[in-house]
1. Filter segment 42-67 for residues that are in contact (Cβ under 8 Å) with a residue 60 or more places away in the chain and assigned to a loop (DSSP other than H, G, I, E, B) and give the result.
2. Under the condition of being basic (Lys, Arg) and farther than 17 Å from residue 392 by Cβ, which residue from segment 205-250 is farthest from the chain's Cα centre (by Cα)?
3. Out of all the residues in segment 871-898, which are over 30 Å from residue 697 (Cα atoms) and surrounded by fewer than 24 Cβ atoms within 10 Å (Cβ to Cβ)?
4. Suppose we filter 460, 438, 376 for residues that are more than 30 Å from residue 332 (Cβ to Cβ) and not assigned by TED's automatic domain parsing to the domain that holds residue 132; which single one remains?
5. If residue 637 meets every condition in (1) over 40 Å from the mean Cα position of the chain (by Cα); (2) part of a strand (DSSP E or B) apart from one, which number is that one?
6. What strands (runs of 3 or more DSSP E) completely inside segment 97-176 contain at least 2 residues that are of a type in the set (A, V, I, L, M, F, W, C) and within 40 Å of the chain's Cα centre (by Cα)?
7. Any idea which residue in segment 286-313 is nearest to residue 493 (Cα to Cα), counting only those that are assigned to a strand (DSSP E or B) and either hydroxyl-bearing (Ser, Thr, Tyr) or modelled with pLDDT under 95 (or both)?
8. Just to check your reading of the model, which residue among 660, 682 is part of a loop (DSSP other than H, G, I, E, B) and in contact (Cβ under 8 Å) with a residue 12 or more places away in the chain?
Amino acid sequence: MKFYATLLFTLFLVHIVHPSVGQETVRQYLSGTGKDDGVLWDFSVSGGRKAGQWTKIPVPSNWELHGFGTYNYGFNKEADKGKEVGTYKHRFTADNSWKGKQVNIVFEGVMTDAEVKINGKTAGAIHQGAFYTFKYDITKLLVFGKANVLEVKVAKHSTNKSVNAAEREGDFWVFGGIFRPVFLEIMPTNHIERVSFDAKADGSLQVKMRTVGRSDKAVIQLYTHDGQTFGQPVHVDVHHGEGHGQGEFERPKLWSAEFPNLYRAEVTLFANGKQQHRSNHKIGFRTVEVRKRDGVYINGTKIKFKGVNRHSFHPESGRTTSKALSVHDVELIKEMNMNAVRMAHYPPDTHFLDVCDSLGLYVMNELGGWHGHYDTPTGTKLVKEMMVVSENNPSVIFWANGNEGGHNPELDTTFFSEDLQGRPLIYPWAVYGGFETTHYREYNYGIGTYDHGHNIVMPTEFLHGMFDGGHGAGIEDYWKAMWSNPLSAGGFLWDFQDQGIVRTDKGNMLDTDGNRGADGIVGPYYEREGSFYTIKEVWSPVFFEKREMTPDFNGEFIIENRYAFTNLADCSFSYVLRRLDAKHASDNGPTVRIPSPDIKPGDRGRLKVNLPSDWYSFDVLQITAADVYGKEIYTWSFPIALPGRVAETFKEKRGTTVQTQETATTFHVNANGIQYAFNKETGVLKSVENAKGIIPFGNGPILQEAVNNYKNFSMRREGDTVVIESTFDKKESYNTLCWKVFPSGQLKMHVQYFPESYFTRFVGVNFDLPESEMKSVEYMGMGPYRVWKNRMKGNQFGVWNKPYNDAATGEIPFTYPEFKGYHANMYWATFQLKTQSFKVFTDREDVFLRLYTPKEQQDTDWKNMEPTFPKGDISFMNGISAIGTKTQKPETTGPMGMKHVYYDFEKEPIRALHMVLYFDFSSQQ
């Protein structure tokens with residue numbers, strides 16, 4: 001309930017625009033408030049699609065998404081592309097009640113140069129800079145009681161080269177248009193122009209005010225979220241349009257990402273004892289402190305940032321978003337157990353910061369810049385505009401001066417002088433202010449810096465995602481290092497969402513500009529990739545120490561509280577025991593609440609699960625943790641049944657006498673209506689046929705990354721079972737293969753082998769199974785997402801049914817989970833083909849199922865990612881490969897990304913790897 005109360009409180013604050021008395025500012029929108037409620041204005045564009053046509057366009061919007069102009073990605077610097085100019089016209093009535101008041105027209109964001117006229121007269125200087133709120137006093141230009149004509153000429157390409165360098169030449173889509181709301185502010189001539197708050201964790205409050213017109217004092221009263229007054233009023237003396245005040249408040253509820261407590265500050269301006277103007281602001285009591293050679297402290301507690309970079313983006317509206325979209329994005333970011341977000345690479349919509357305030361995210365708010373920066377006069381103006389609208393957001397704890405070399409050091413003094421709170425200033429991808437923020441550091445280089453450097457290490461971009469690489473792949477190694485090192489303050493992943501834009505000029509196809517925009521953890525429409533759940537588990541504030549389920553398990557788990565402020569006693573825990581076989585799935589146990597342990601932030605302790613006496617007869621134990629607001633933190637699954645126990649349930653004892661026939665090249669075996677043919681020289685399965693016909697599975701087991709030196713096969717009977725096996729020879733046939741055909745018709749394969757190399761990417765056995773025959777696979781194991789050697793977390797143990805798809809991560813149609821790839825901890829798998837099906841199961845642990853080879857994505861040669869796969873179609877693996885990122889090879893993402901190491905110990909059988917599989921090809925499957 002706290003969560004929803006806080007959210008409602010913020011919504012209340014955001015929408016306080018209608019006055020209860022005459023002194024409050026009235027906000028009247030001339031546009032819509034976001035992407036879903038645009039108001040039609042007259043519009044014409046100078047170039048590209050629909051050039052020269054006068055028609056209508058919704059405001060706010062980016063004109064490319066409505067069929068005008070040309071699409072441009074920031075790297076595209078062709079001389080004549082993306083330089084169209086849009087002209088807008090709109091009529092509105094200035095109410096007679098506005099006479100004697102000041103009327104401002106406010107633009108929250110225009111791409112990129114905006115020239116504004118009212119009734120044919122210029123409202124002020126042309127504004128340059130796309131992502132900043134600017135306004136003009138148009139009082140003297142209005143005709144009251146009648147229609148007024150607003151004209152806005154918008155140049156997509158700025159006449160200021162520095163603005164283009166900072167905003168329009170980066171690694172992201174660039175658009176044109178009035179893309180954020182436009183509204184009028186109607187206020188008294190004597191009014192509050194700006195109020196800056198600094199509310200500290202100790203209850204102290206500093207206030208700085210700027211006013212216009214006559215005034216001599218202001219009174220500030222704080223209110224709680226339920227409307228109760230909090231503390232005594234703060235009195236501010238105003239002289240010559242400026243005022244300073246301070247107050248002390250006892251035991252305020254502090255703001256943090258875990259407990260986003262907010263207060264409403266009502267500011268009333270007076271002149272000669274009479275009210276002139278009143279405004280409302282939300283504030284949060286919190287202290288941000290950087291302790292050099294130590295870390296970042298919020299409210300006296302050291303914080304590690306689990307962050308992500310986020311663009312303001314939607315595939316159907318470009319940079320035009322909405323309040324609902326901001327709520328959605330923040331909730332999704334927090335669902336991954338993140339606590340921070342960096343604005344990439346410009347200030348966001350004001351409602352996004354409001355939602356970060358109310359739901360709880362630490363924010364790095366960034367001045368535009370991408371390898372290029374604003375000139376000093378322009379940048380100074382834009383820094384001030386950014387601060388005016390976001391300085392009082394308690395979520396904003398960092399400022400960033402541009403990105404990756406797009407820093408203008410001449411602007412630093414403006415950041416420092418304009419911010420009453422004195423927040424830290426960051427130079428992303430640089431060493432500055434006690435921070436080392438280098439992007440895409442290799443794991444070993446990064447660890448060296450952590451161990452031997454002296455700055456606070458906080459990469460503002462790391463593990464650059466592309467398709468299925470990065471993000472989850474590598475994060476476990478990075479986070480272990482970040483968590484354990486005192487100088488690490490965490491970091492920010494690149495990035496949140498695939499920038500796939502709807503191309504209205506290409507039949508509404510989604511375009512990520514090749515691999516440039518396909519960097520997200522989620523797809524353009526928030527499709528969740530496997531990395532989403534890996535991050536959710538790795539960044540869980542509740543950490544479970546590894547624990548095997550054995551018969552003598554006493555129900556105690558060692559867990560660690562990785563929150564900064566939350567005691568686990570205030571969280572909730574529950575468990576459920578499940579049986580995964582279809583016959584007994586209804587026998588799942590009830591959901592049982594687990595007493596929450598009293599474990600303070602940073603401490604370790606025990607979670608005691610009171611299991612029933614028959615718990616070991618179940619297949620899996622699932623434990624769910626929820627936060628203080630009832631939101632799921634994560635659900636962990638602990639397999640109880642080992643593969644051997646499950647395999648016994650599939651073994652069929654009944655059958656007929658096994659018949660054999662031997663030719664010059666082939667062993668033929670017939671058992672219970674199933675006919676097998678094995679190559680006498682190589683031992684591989686040549687064919688298999690049942691009552692329904694030939695099953696297109698065979699040509700295996702072919703060893704991967706090992707020598708296929710099975711030799712000297714013989715066929716014999718072992719009781720009622722037929723055995724076909726090779727002969728072990730330490731020098732020439734040290735890899736061995738043994739087949740057993742049982743009277744039931746079931747087939748057992750046992751391969752003992754040694755990898756060919758000391759270091760190897762993957763090892764296992766391959767079979768042929770034409771992709772054209774595949775319909776779906778149902779399997780028991782970790783799922784439903786595929787895994788990599790360096791991305792094993794984030795799945796659940798269960799039974800998963802995966803229909804065939806040929807999806808490539810980060811490409812249309814963004815279908816997840818992907819069918820192809822590696823799948824962990826396979827107990828059994830049923831392959832549903834177009835004609836029939838068959839089952840494979842194992843009694844060995846840690847078997848990986850490989851389903852085909854994912855297609856290589858467009859516009860990449862995989863040179864860094866190196867997602868390597870075996871030959872053949874279907875594989876059963878003892879070891880799988882890792883995957884890299886857009887900027888790193890697998891082995892530079894940490895130990896999990898490195899190759900496997902196997903030592904053959906003189907080819908002694910005791911050191912061999914084993915692959916044991918059972919096949920059931922009966923027509924009943």
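The values are calculated or read from the model by the stated rules, or taken from the named source; none is laboratory data. Source: prediction; values computed, not measured. With ideal geometry, Cβ positions are generated from the backbone for all residues, glycine too; neighbour counts draw on all protein chains shown.
1. 60, 61, 62, 67
2. Checking each candidate, the answer is 214.
3. 886, 887, 889, 891, 892, 895, 896, 898 - these are the residues of segment 871-898 that are over 30 Å from residue 697 (Cα atoms) and surrounded by fewer than 24 Cβ atoms within 10 Å (Cβ to Cβ).
4. 376
5. (1)
6. The qualifying strands (runs of 3 or more DSSP E) are 101-107, 113-118, 147-155.
7. Only one residue tops the list, namely 297.
8. Answer to the selection: 682.
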